[in-house]
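Input: a single structure, listed below in structure tokens.
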Amino acid sequence: MSGIPAAELRSLCVHAGGHEILSGVSAVFHPAEIAVLCGRVGSGKTLLAHTMAGIRRPQLGTVRLNGHRVAMIFQDAGHGLIGETVMDDLLFAAASAGIYGNEAKTRAISLLTETGLEELSERYTVTLSGGESRLVAIAGAILSGAGLIIADEPFVNLDWPSVQTVLRSILRLRDIGASVMVITHEVEKVLAHTDHLLVIDSGKLVLNRRFTREEDISDPDRSILKNAGIRIIGSRKEQSWL
Ligand SMILES: Nc1ncnc2c1ncn2[C@@H]1O[C@H](COP(=O)(O)OP(=O)(O)OP(=O)(O)O)[C@@H](O)[C@H]1O
Ligand SMILES: [Mg+2]
């Protein structure tokens, strides 16, 4: 994958219900990075994700994807599954990467096996639990070859092994060069692996910071997080859930 940004947001303003919800949001997302977007309930995170994915148009400003395709894992992940069965869904995802037939099926089966989902292969997607839907959606994102993957609240209502499965999938997406944006209230679950932290408060970006792998969060940044309603305890390294 090229070094060209996976997404560039320039001065985005987005309205919903007749009000300006997002104001002047500018940010750049790089390939092979894990960005985490956090902020209070109702601060505009999902609206920003939908604007980046092209589901919603900004009133002002631009989203540039530089030819990258976007895969969106919705807050309610079941909404994003389009296949009748899990295998159908994964074959659709592979097709969007130009992979068909036996090769697509082999890749889908091996991905399901790696993520412990092989028993779900022929299940109707409407019968999946919330956590299962999310894991299938993430497997689809891996197969789709999308350059930008946005996961809206991927850790909600999961047991620890499933949090680990989601984390491993996110790390794998970064390894294959994708830009991953994780929206979460459970920042501690992904903080040890975060390259880029964005905090939104009342529709404005109040923190947009990149870290090296070794770097901890500075005290001024901790204050910004606290003021935006996000509680971080301990160092970044202490937070690994793997
Ligand atoms: N279609 C709509 N009509 C009216 N208001 C809307 C609409 N969509 C979003 N909003 C409002 O915009 C604000 C931002 O919503 P958004 O869903 O982006 O929040 P969020 O940060 O994702 O919150 P959460 O953490 O609860 O998921 C909220 O106050 C929400 O009520
Ligand atoms: Mg949301």
Starting from region 37-53, take each residue that is closer than 15 Å to Ser26 by Cα and list its partners that are more than 6 Å from ligand 1 (Cβ to nearest atom) and in a helix (DSSP H, G or I), counting only C-beta distances under 8 angstrom and pairs at least six apart or across chains.
Leu37/Leu48; Leu37/Ala49
Mind checking which residues of region 115-135 are hydroxyl-bearing (Ser, Thr, Tyr) and in contact (Cβ under 8 Å) with a residue 40 or more places away in the chain?
Thr115, Tyr124, Thr125, Ser133
Which members of region 110-130 meet the condition of being of a type outside the set (A, V, I, L, M), more than 20 Å from Val163 (Cβ to Cβ) and in contact with a Gly (Cβ under 8 Å, 6 or more places away or on another chain)?
Thr125
Name the residues in region 118-154 that are surrounded by 21 or more Cβ atoms within 10 Å (Cβ to Cβ) and in a loop (DSSP other than H, G, I, E, B), would you?
Leu128, Ala146, Gly147, Pro154
Pairs, please: C-beta under 6 Å, at least 6 apart or cross-chain, first residue without any contact (Cβ under 8 Å) to a residue 40 or more places away in the chain and under 16 Å from Leu171 (Cβ atoms) and in region 136-160, second more than 16 Å from ligand 2 (Cβ to nearest atom) and among the hydrophobic types (A, V, I, L, M, F, W, C)?
Phe155/Val163
Tally of residues being more than 16 Å from ligand 2 (Cβ to nearest atom) and either hydroxyl-bearing (Ser, Thr, Tyr) or out of contact with any Leu (no Cβ under 9 Å at 6 or more places or on another chain) (or both) across region 49-64
2
Hits in region 32-48 - residues which are in a loop (DSSP other than H, G, I, E, B), more than 9 Å from ligand 2 (Cβ to nearest atom) and among the aliphatic types (A, V, I, L, M):
Ala32
For Ala71, state whether it is more than 16 Å from Leu143 (Cα to Cα), within 16 Å of the chain's Cα centre (by Cα) and either at pLDDT 95 or above or surrounded by 14 or more Cβ atoms within 10 Å (Cβ to Cβ) (or both).
no
Within region 70-82, does at least one residue satisfy the condition of being under 24 Å from Tyr124 (Cα atoms), away from ligand 2 (no atom under 16 Å from the Cβ) and free of Cβ contacts under 8 Å to residues at least 60 places away in the same chain?
yes
Residues (away from ligand 1 (no atom under 13 Å from the Cβ), part of a helix (DSSP H, G or I) and either more than 21 Å from Leu158 (Cβ to Cβ) or in contact (Cβ under 8 Å) with a residue 60 or more places away in the chain (or both)) located in region 174-206:
Arg174, Asp175, Leu191, His193
Within region 155-173, the residues that are small (Gly, Ala, Ser) and crowded, with 19+ Cβ neighbours inside 10 Å are Ser169
Out of curiosity, is Thr106 in a strand (DSSP E or B), of a type outside the set (Lys, Arg), at pLDDT 95 or above and surrounded by fewer than 13 Cβ atoms within 10 Å (Cβ to Cβ)?
no
Could you list, in sequence order, all residues of region 31-71 that are on the phi > 0 side of the Ramachandran plot and within 11 Å of ligand 1 (Cβ to nearest atom)?
Gly39, Gly42, Gly44
Taking only region 19-36 into account, find how many residues are of a type in the set (Val, Ile, Thr), in contact (Cβ under 8 Å) with a residue 24 or more places away in the chain and out of contact with any Lys or Arg (no Cβ under 9 Å at 6 or more places or on another chain).
2
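The values are calculated or read from the model by the stated rules, or taken from the named source; none is laboratory data. Keep in mind the model is a prediction, meaning the values are calculated, not measured. Cβ sites come from the backbone with ideal geometry, for glycine too, and all protein chains shown count toward neighbours.
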